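**Student:** Here's a structure for you.
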Amino acid sequence: RHGGVGMAVPAVHAIAVQRVMDGDRAGHQAGEGRQVEVDIEPELVARTATRLLLADYFLCRLSGLAIAERTIASSTQLVDAASGLWAKDLIHALGDEPARWAPIVAPGTVLGPVQRELVPHSVRELPRVIASCSHDTAAAVAAVPAIGAEPWAYISSGTWSLVGAELHAPVLTDAARD
């Protein structure tokens with residue numbers, strides 16, 4: 001552990017929860033990745049101690065810490081919007097244990113130095129590993145040059161388009177769901 005962040009993991013076997021946008025090898029649609037793993041590869045799921053998304057797996061390989069960066073974790077739809085933590089009831093409903101899911105951290109969290117064995121010995125000062133803003137749309141929105149504490153809106157258009165607003169807290173009312 002470094003600075004109380006993440007789970008110390010000597011060797012991580014990762015399940016890539018996120019599937020490619022056009023589906024996986026079994027013909028399942030994107031967004032079904034978590035359940036697909038349990039259904040198609042139960043032996044692999046049983047053998048893995050820690051659940052990581054692909055971006056988080058790379059951070060783990062670099063830092064030795066298993067974490068879940070918030071923006072990419074939210075893409076699993078297993079994050080409680082009110083608390084920002086893993087929704088334990090949903091994870092249980094999928095037949096998994098919440099303790100297997102790495103702790104969620106904010107983008108920009110310093111995870112510590114790159115593992116020494118990954119850096120040439122001639123490098124004396126190890127570079128720091130920082131949890132990036134891993135979700136591409138979240139990264140684009142973070143780059144909007146908005147200033148001040150007031151809520152603001154944006155349009156993000158690329159592979160798909162999104163119109164949204166950055167607010168101080170999520171809107172979780174019935175009216176927002178209609």
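The values are calculated or read from the model by the stated rules, or taken from the named source; none is laboratory data. Since this is a predicted model, take the numbers as computed values, not measurements. Neighbour counts run over all protein chains shown; Cβ positions are idealised from the backbone, glycine included. We work out accessible area using only protein heavy atoms, side chains counted, and drop any ligands, DNA or RNA first. Shrake-Rupley method; radii C 1.70, N 1.55, O 1.52, S 1.80 Å.
**Student:** Give, as a single signed number, the net charge of other residues whose beta carbon lies under 13 Å from the beta carbon of Ala139, with Lys and Arg counted +1 and Asp and Glu -1.
**Tutor:** The answer is -1.
**Student:** Could I have the simple spin-label model distance between Tyr154 and Ala106, label points 7 Å from Cα toward Cβ, reported in nm to one decimal?
**Tutor:** Placing both labels 7 Å beyond Cα along the Cβ direction yields 1.6 nm.
**Student:** While we're looking at this one, here's another question. Determine by what factor the alpha-carbon radius of gyration of region 70-114 differs from 2.2 N^0.38 Å, reporting the quotient.
**Tutor:** 1.25
**Student:** Please list 152-164, 62-74 highest first by mean number of surrounding beta-carbon atoms within 10 Å per residue.
**Tutor:** 62-74, 152-164
**Student:** Leaving out ligands, DNA and RNA, and with a 1.4 Å probe, what % of the accessible surface on region 27-178 is carbon or sulfur?
**Tutor:** So the carbon and sulfur contribution to the accessible surface is 57 percent.
**Student:** For Ala46 and Ser161, FRET efficiency with R0 = 35 Å and r from the beta-carbon atoms, rounded to 0.05?
**Tutor:** After rounding, the FRET efficiency stands at 0.30.
**Student:** Once you have a ≥ b ≥ c as the square roots of the Cα gyration tensor eigenvalues for region 95-178, tell me rounded if a/c is under 1.5, and otherwise prolate or oblate according to whether a/b is larger than b/c.
**Tutor:** In terms of gyration-tensor shape, prolate.
**Student:** A further question follows. Please work out whether region 32-156 counts as rounded, prolate or oblate from its C-alpha gyration tensor, where a ≥ b ≥ c are the square roots of the eigenvalues and a/c under 1.5 means rounded, while otherwise a/b larger than b/c means prolate and anything else oblate?
**Tutor:** oblate
**Student:** In nm, give the distance between the simple-model label positions of Arg61 and Ile147, each being 7 Å from the Cα along the Cα-to-Cβ direction.
**Tutor:** 4.0
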